[in-house]
Each structure stands twice: as C-alpha cells, then as structure tokens.
1. Could you give the C-alpha radius of gyration of region 35-75 expressed as a fraction of 2.2 N^0.38 Å, taking N as the number of residues it contains?
2. Within the accessible area of region 1-97, what % is carbon and sulfur when the probe is 1.4 Å and the other protein chains stay in place?
3. I want to check the label-to-label distance for Y51 and D36. Put each point 7 Å from Cα in the C-beta direction and report it in nm to one decimal.
4. Greater than 22 Å separation of Cα atoms is the criterion. Which listed pairs, K21/K68; K39/K115; K114/K137; K16/K168, meet it?
5. Counting heavy atoms of the protein chains only and a 1.4 Å probe, report the per residue accessible area for region 121-170 as a whole number of Å².
6. Give me the Å³ per residue figure for the convex hull around the C-alpha atoms of region 1-106.
7. Which percent of Cα-Cα pairs in region 13-171 sits in each 10 Å bin, short to long?
8. Sorted by average packing, counted as other Cβ atoms within 10 angstrom per residue and highest first, what order do 133-146, 83-96 take?
Amino acid sequence: MRRPNILLTGTPGVGKTTLGKELAARVGATYVNVGDLAKEGELYEGFDEEYECPILDEDRVIDELEDKMNEGGVIVDYHGCDFFPERWFHIVFVLRTENSFLYDRLENRGYKGKKLQDNIQCEIFQTIYEEAMSSYKEEIVHQLPSNTPEDLERNLDQIIQWIEQWMKDNN
C-alpha cells in the first residue's frame, strides 16, 4: 500500500510540529522534524553567530532521509523547503499565522531582536510560500491558516481527507 509524503513548512512558530505530530499519530505516518534529525545526527556545517543557531548541512539531511522518503508515508516538518528534492513530496502545506499570534509564539520561545523581526518579516512577505511555489509544482502547494486550535482541527481534517483520497487514487 503506497502512502503519500507530505511537507509541512512555514515560518518558525506557525505550528508545523504540533500539526505534524498529531497528523502522524492519527494516520499512522512517520513524522520527521528536520531540526531534531539534524540535532541528533549533528548534520551541521557551522554556526550562524548573527542568528545564534547551527547551519544545516542540507546534503547530509537529504542523504539521511532518502531511503525513508522512498518508502512513502512520511510527514516532513521544516521551516525551509527549497533544498528537498521535488520528487519527494506529493503535497506541500505552507502554514500561515497572523503576526500578532506569531510574535507572541516566537517571543515565548526566546526569540528577540533581529531574529524575532526577521521571522515576522518572513511571514509578512510570504517568503516560505514563495519559496514553496518556486520549488514545487503550483498545484501541490497549499496555504493553511494556523492561528487557533480550531484551525488546527480543520487542517487535520482537511489533510486526512486529502490522504484518504490520494490512497484511493494511487493504490
């Protein structure tokens, strides 16, 4: 039984991890948080002093995920999307959050100064959405609002319906 691979992307703080973990639990998919994968495997190529965070070694991440992605049924969660092979994903969801909610979420994570402002601007200017649109076929890229618990439930329902339809159409 083939199962689709899904990319959840968006600015940090939009709810990718919350959605991804819950979705994986409900549909029995494999959930991969790329940040956690990189941390566990030390898949870094340096440290960004300005943003005070490690720099992801994208090639090593791809090598690490390749076999798992070929099996299918994987939900990948990451705030960037332009380095993953296009062939990996059957659908891409870009989560979007209103700035007032996002500001509070990022501040609660300890983001401040330039890092906080740049992430808010990234959301305002739809940076991740545009990155997804230029990296994947337009028809597989979808935006989802991610502000409230009700949005989360709606998104889960919508994605689960999509998965069920994909499985009918492709098996």
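The values are calculated or read from the model by the stated rules, or taken from the named source; none is laboratory data. Values in this document were obtained by computation on a predicted structure and should not be read as measured data. Quick reminder, even Gly has a Cβ in these numbers, built from the backbone with ideal geometry, and neighbours come from all protein chains shown. To get the accessible areas, we keep the full protein, side chains included, count just its heavy atoms, and leave off ligands, DNA and RNA. Shrake-Rupley method; radii C 1.70, N 1.55, O 1.52, S 1.80 Å.
1. Details: Rg = 12.0 Å, N = 41, 2.2 N^0.38 = 9.0 Å.
So the Cα radius of gyration is 1.33 times the expected 2.2 N^0.38 Å.
2. Working: 1940 of 4580 Å².
Ligands and nucleic acids excluded, carbon and sulfur reach 42 percent.
3. Roughly 2.1 nm, to one decimal.
4. Numbers: K21/K68 17 Å; K39/K115 20 Å; K114/K137 32 Å; K16/K168 26 Å.
Pairs exceeding 22 Å: K114/K137; K16/K168.
5. Numbers: 3090 Å² over 50 residues.
Accessible area per residue: 62 Å².
6. Numbers: hull volume 11.7 nm³, N = 106.
Considering the Cα atoms of region 1-106, their hull volume per residue is 110 Å³.
7. 9, 36, 40, 13, 1
8. Values: 133-146: 15.9, 83-96: 19.4.
In decreasing order of mean packing, 133-146, 83-96 become 83-96, 133-146.
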